[in-house]
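Trainee: Have a look at this one before I ask anything.
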Amino acid sequence: MSLSPQVLLSNTARERCIAKLKELPAFMHSGVKPQYKASVLLPLFVQNREVHLLYTLRSSNLKAHSGQVSFPGGKMEEAEGEIETALRETEEEIGICTQDVEIWSTMSPVQGRDKTMLITPVVGLVKNLDIQNLNPNIHEVEEIFSVPMSVFCNGENHGHLMFNGMPLPLFLHGKHKIWGITGFITHMFLECFLPSEAYKVDFMRKGFTLDELMPSKL
């Protein structure tokens, strides 16, 4: 099965992906109403003739989720919509201009692990992106990196973290581990974006503990 940009980003594939994204259920904790809303951008782009997803490594100076992999995004401001928030935060964090993003769709919201935050993922294709030309906000972002679709489709890069008795998906790429809510959102998106014959998961092949995943504090 071809993973070429011509196949994955074709009009037909795009429409099929969007239809699947709109069918996703919301992932909420029963009986706990979130206090805040946020949204993140899942930035798709083409590099070296392959479709990639872009991630950030959060600054170790941040109070929340420091040193962890995430999508660009943040809290919603008053009178903002999910897409506006994702685009504004992405431009503020890493310098991708709003006009360079072709929005595909929002995904169903996901309630964060601490249950106070409701996060809406927004899928967008970034045109003519060169990571080397991005301008990360050093107070929020330690590193910008991307993962090609071929890495996600390789079961050797899959793992899991047990949380409340459930295995949560985890992806390995070089020195980076994509886990937690970012790993979960990634998996939900890939199930909608990639052909099922190409994306065969093997998350149970290797387990990780929270201590192994949390950045060490020197």
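The values are calculated or read from the model by the stated rules, or taken from the named source; none is laboratory data. Here the structure is a predicted model, which means the values were calculated and not measured. Neighbour counts are summed over all protein chains in view; Cβ atoms, including those assigned to glycine, are modelled from backbone coordinates with ideal geometry. Calculation scope for accessible area: heavy atoms of the full protein, side chains included, ligands and nucleic acids excluded. Shrake-Rupley method; radii C 1.70, N 1.55, O 1.52, S 1.80 Å.
Trainee: Consider region 32-43. How many of its residues are part of a loop (DSSP other than H, G, I, E, B) and open to solvent by less than 100 Å² (accessible area, probe 1.4 Å)?
Mentor: First, pick out the residues of region 32-43 that are part of a loop (DSSP other than H, G, I, E, B): 32-35.
Now restrict to residues that are open to solvent by less than 100 Å² (accessible area, probe 1.4 Å): 32, 34.
Residues that pass the stated criteria total 2.
Trainee: In contact with a Pro (Cβ under 8 Å, 6 or more places away or on another chain) and open to solvent by 40 Å² or more (accessible area, probe 1.4 Å): which single residue out of Lys75, Lys115 fits that description?
Mentor: Lys115
Trainee: Same structure again: Could you identify the single residue in Gly180, Gly165, Gly174 that is under 13 Å from the mean Cα position of the chain (by Cα), on the phi > 0 side of the Ramachandran plot and not hydroxyl-bearing (Ser, Thr, Tyr)?
Mentor: Among Gly180, Gly165, Gly174, only Gly180 is under 13 Å from the mean Cα position of the chain (by Cα), on the phi > 0 side of the Ramachandran plot and not hydroxyl-bearing (Ser, Thr, Tyr).
Trainee: Shifting gears a bit: Among Gly180, Gly165, which is at pLDDT below 95, of a type in the set (Gly, Ala, Ser) and open to solvent by 60 Å² or more (accessible area, probe 1.4 Å)?
Mentor: Sole residue among the options that is at pLDDT below 95, of a type in the set (Gly, Ala, Ser) and open to solvent by 60 Å² or more (accessible area, probe 1.4 Å): Gly165.
Trainee: Then there's this: Could you tell me whether Gln47 is open to solvent by 30 Å² or more (accessible area, probe 1.4 Å), modelled with pLDDT under 95 and of a type in the set (S, T, N, Q)?
Mentor: Judged against the criteria, Gln47 is not a match.
Trainee: For Glu15, state whether it is out of contact with any helix residue (DSSP H, G or I) (no Cβ under 6 Å at 6 or more places or on another chain), open to solvent by 60 Å² or more (accessible area, probe 1.4 Å) and either among the acidic types (Asp, Glu) or free of Cβ contacts under 8 Å to residues at least 24 places away in the same chain (or both).
Mentor: Against the criterion (out of contact with any helix residue (DSSP H, G or I) (no Cβ under 6 Å at 6 or more places or on another chain), open to solvent by 60 Å² or more (accessible area, probe 1.4 Å) and either among the acidic types (Asp, Glu) or free of Cβ contacts under 8 Å to residues at least 24 places away in the same chain (or both)), Glu15 qualifies.
Trainee: Output the residues belonging to region 136-152 that are modelled with pLDDT of 90 or more, open to solvent by 30 Å² or more (accessible area, probe 1.4 Å) and either polar (S, T, N, Q) or not in a strand (DSSP E or B) (or both).
Mentor: Matches in region 136-152: Pro136, Asn137, Ser150.
Trainee: Which residue, of Arg113, Arg88, is assigned to a helix (DSSP H, G or I) and either within 25 Å of Gln6 (Cβ to Cβ) or of a type in the set (Lys, Arg) (or both)?
Mentor: Matching residue, one of Arg113, Arg88: Arg88.
Trainee: Next question, about the same structure. Would you check which residues across region 95-118 are out of contact with any Phe, Trp or Tyr (no Cβ under 8 Å at 6 or more places or on another chain) and closer than 24 Å to Phe193 by Cα and list them?
Mentor: Selection gives Ile96, Cys97, Thr98, Gln99, Asp100, Val101, Glu102, Ile103, Trp104, Ser105, Thr106, Gly112.
Trainee: Show the residue pairs meeting these rules: Cβ distance below 6 Å; 6+ apart or different chains; first residue within region 91-112 and free of Cβ contacts under 8 Å to residues at least 60 places away in the same chain; second residue among the polar types (S, T, N, Q) and open to solvent by less than 20 Å² (accessible area, probe 1.4 Å).
Mentor: As it stands, the answer is Ile96/Thr90, since those pairs meet every condition given.
Trainee: Could you go through region 10-31 and let me know if any residue there is in a strand (DSSP E or B) and farther than 15 Å from Met149 by Cβ.
Mentor: Checking region 10-31: at least one residue is in a strand (DSSP E or B) and farther than 15 Å from Met149 by Cβ.
Trainee: Okay, next question. Can you spot a residue in region 203-213 that is in a strand (DSSP E or B) and in contact with a helix residue (DSSP H, G or I) (Cβ under 9 Å, 6 or more places away or on another chain)?
Mentor: Residues of region 203-213 in a strand (DSSP E or B): 207-208.
Narrowing the set further to residues that are in contact with a helix residue (DSSP H, G or I) (Cβ under 9 Å, 6 or more places away or on another chain) leaves none.
Within region 203-213, not a single residue is in a strand (DSSP E or B) and in contact with a helix residue (DSSP H, G or I) (Cβ under 9 Å, 6 or more places away or on another chain).
Trainee: Something else: Select, from Leu172, Leu213, the only residue that is within 16 Å of Arg113 (Cβ to Cβ) and touching a Lys or Arg at 6+ places or on another chain (Cβ under 9 Å).
Mentor: Numbers: Leu172 fails: within 16 Å of Arg113 (Cβ to Cβ).
Every option except Leu213 fails the conditions.
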